[in-house]
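First up is the structure itself, then whatever we jot down about it.
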Amino acid sequence: MVAFWSSIALHRDVYSGDLVRAHRNHSGLQRQDFDRRLDLFQATLDETAPTVDAANYLLSRTEIIARELARMLFECPREPKTHTGAKQAD
């Protein structure tokens, strides 16, 4: 998580994970969970961000990520599984 948020907040290229795959591993995750998480994140920013501008910046980045992640999780079909070594038909 530290690497992910460092990448977001500080524009550091330190996160190399698969955000979609990490969230797909959580059984029972629903679209409305993202709204709740954003509310909690905003409350945390209100209490901890050093400035209003910093809080607004982080929240705007987080909202974009949450929207895209929710779209990938709930609107896009999962990638089909392929078998290693299987020949593809032409």
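Bear in mind these aren't lab numbers, they're just calculated from the coordinates by the rules spelled out. What you are looking at is a predicted structure, and each value in this text was computed from that prediction instead of being measured. Backbone-built Cβ (ideal geometry, glycine too); neighbour counts: all protein chains shown.
For the reader, a short list of remarks on this structure follows.
- Counted charge near GLN42, where neighbours are those whose Cβ lies closer than 12 Å (Asp, Glu -1; Lys, Arg +1): -3
- The amide H of TYR15, built 1.01 Å from its N in the peptide plane, has SER7 as neighbours under 5 Å, considering only residues 5 or more places off or on other chains.
- As an equivalent ellipsoid, region 1-44 spans semi-axes of 21, 16, 6 angstrom, where each value is the square root of five times an eigenvalue of the C-alpha gyration tensor, largest first.
- Here region 29-76 is assigned +1 on the Cβ of each Lys and Arg and -1 on the Cβ of each Asp and Glu. Its dipole about the Cα centre then comes out at about 180 debye.
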